[in-house]
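Trainee: Sharing a structure here in structure tokens format.
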Amino acid sequence: MILTKLFFEQDSSKVAAKLLGKNIFHKHNGNWLSAQIIETESYYLREKGSHASLGKTKSREALFMPPGTIYMYYARGADSFNISCKGIGNAVLIKSAIPSKNSFNYNMIEIMKKNNPKPDGQLRESMFLCSGQTLVCKALGITVSDWNKKEFDQKRFFIADNMYTPNQIIQTTRLGIPIGRDEHLLQRFIDLKYVKYCTKNPLTMRIPPQYKILK
């Protein structure tokens with residue numbers, strides 16, 4: 001079942017948790033590519049870690065548009081994918097994923113590997129193709145120029161429910177939030193089953209961040 005705008009008409013943290021297990025589908029160069037979301041982060045206008053807290057600009061306009069609007073920006077020079085949620089300036093960042101089992105394309109993994117090689121040109125392992133917010137976009141061919149400030153399109157780009165729900169979710173602090181910008185907030189959500197494929201595993205960090213397990 002394809003998610004509609006109504007799905008995103010909810011609190012950002014609720015959307016972030018509910019997106020775990022959902023599948024992103026993107027048609028790239030005529031090929032359907034797909035990944036299952038395993039990690040997300042929620043953001044609010046009111047907190048200092050969000051882009052929206054810096055004010056409305058042309059590049060951040062999507063954050064102030066209706067729920068379900070795609071917001072994309074460049075993170076360290078690479079594409080990053082977010083969706084606006086209920087409330088002005090609120091959104092969810094798609095942080096990491098794994099290649100979907102429910103693919104329309106039997107060549108999908110090979111295409112995603114070519115889209116997203118390692119810096120040295122070697123191919124990535126399949127389960128680590130989308131282990132980071134920019135890697136998700138590279139592997140699936142999702143770009144700022146194509147999708148920022150756009151709505152999802154059932155013929156080209158959408159998120160669908162494959163009837164999988166995580167048994168346990170890790171709720172922890174977000175990554176890359178500067179000190180003094182609400183870095184302590186537990187607004188990062190990870191499917192515990194796939195935690196070793198997320199951006200950075202909070203359970204194995206030398207200095208573990210604050211976290212809790214949701215059931």
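Every number here is computed from the coordinates shown, using simple stated rules; none is lab data. This is a predicted model, so every value here is computed, not measured. Note that we place each Cβ from the backbone using ideal geometry, even for glycine, and neighbour counts take in every protein chain shown.
Trainee: Between Met127 and Asn29, what is 0.36 nm times their sequence separation minus the Cα-Cα distance? Round to one decimal in nm.
Mentor: Working: separation 98, 0.36 × 98 = 35.28 nm, distance 2.22 nm.
Full extension of this stretch gives 33.1 nm more.
Trainee: Another one. Treating the beta-carbon of each Lys and Arg as +1 and of each Asp and Glu as -1, no other charges, what is the dipole magnitude of the chain about its Cα centre, to the nearest 20 debye?
Mentor: Here the size comes out at about 180 debye.
Trainee: I would also like to ask the following. Place +1 on the Cβ of every Lys and Arg and -1 on the Cβ of every Asp and Glu in the chain, take the dipole about the Cα centre, and give the residue among Tyr211, Ile170, Gln10 whose Cα lies farthest towards its positive end.
Mentor: Working it through, the farthest residue towards the positive pole turns out to be Tyr211.
Trainee: Further, regarding this structure: Can you give the FRET efficiency for Tyr211 and Lys48, using 1/(1 + (r/R0)^6), R0 = 22 Å, r = Cβ-Cβ distance, to the nearest 0.05?
Mentor: Calculated value: 0.60.
Trainee: What does the net charge come to around Asp79 if you take all other residues with beta carbon closer than 11 Å to its beta carbon, with K and R at +1 and D and E at -1?
Mentor: +1
Trainee: State the dimensionless ratio Rg/Rh of region 96-215 (Rg: radius of gyration of Cα atoms; Rh: Kirkwood radius).
Mentor: So for region 96-215, dividing Rg by the Kirkwood Rh gives 0.98.
Trainee: Would you look at the GNM of the chain, springs on alpha carbons closer than 10 Å, and say which of Glu39, Glu47, Glu125 moves the most?
Mentor: Glu125
Trainee: While we're on this one: Pull out a ≥ b ≥ c, the square roots of the eigenvalues of the alpha-carbon gyration tensor of the chain, then state rounded if a/c is under 1.5, prolate if not and a/b is larger than b/c, and oblate in the remaining case.
Mentor: rounded
Trainee: For a quick check: with amide H placed at 1.01 Å from N, whose amide H comes under 5 Å from Asn162's, ignoring anything fewer than 5 positions away on the same chain?
Mentor: Asn23
Trainee: Please state the charge dipole magnitude for region 1-74, taken about the Cα centre, from unit charges on C-beta atoms (+1 on K and R, -1 on D and E), reported in debye and rounded to the nearest 20.
Mentor: 160
Trainee: Moving to a separate point now. If I build a Gaussian network model for the chain, linking alpha-carbon pairs within less than 10 angstrom, which residue out of Lys58, Lys114, Lys138 has the largest mean-square fluctuation?
Mentor: Top of the fluctuation ranking is Lys58.
Trainee: Let me ask something else. Comparing Gln122, Gln171, Gln133, which has the greatest mean-square fluctuation in the GNM of the chain with Cα pairs linked when under 10 Å apart?
Mentor: Per the Cα network of the chain with a 10 Å cutoff, Gln122 tops the list.
Trainee: Which cross-chain or sequence-distant (5 or more) residues have an amide H under 5 Å from the amide H of Leu45, H modelled 1.01 Å from N in plane?
Mentor: Answer set, sorted by chain and number: Asn90.
Trainee: With the cut-off at 1.5 for a/c, could you classify region 59-98 from its C-alpha gyration tensor as rounded, prolate or oblate?
Mentor: On the way: a/c = 2.81, a/b = 1.47, b/c = 1.92.
Taking the square roots of the gyration eigenvalues as a ≥ b ≥ c, region 59-98 is oblate.
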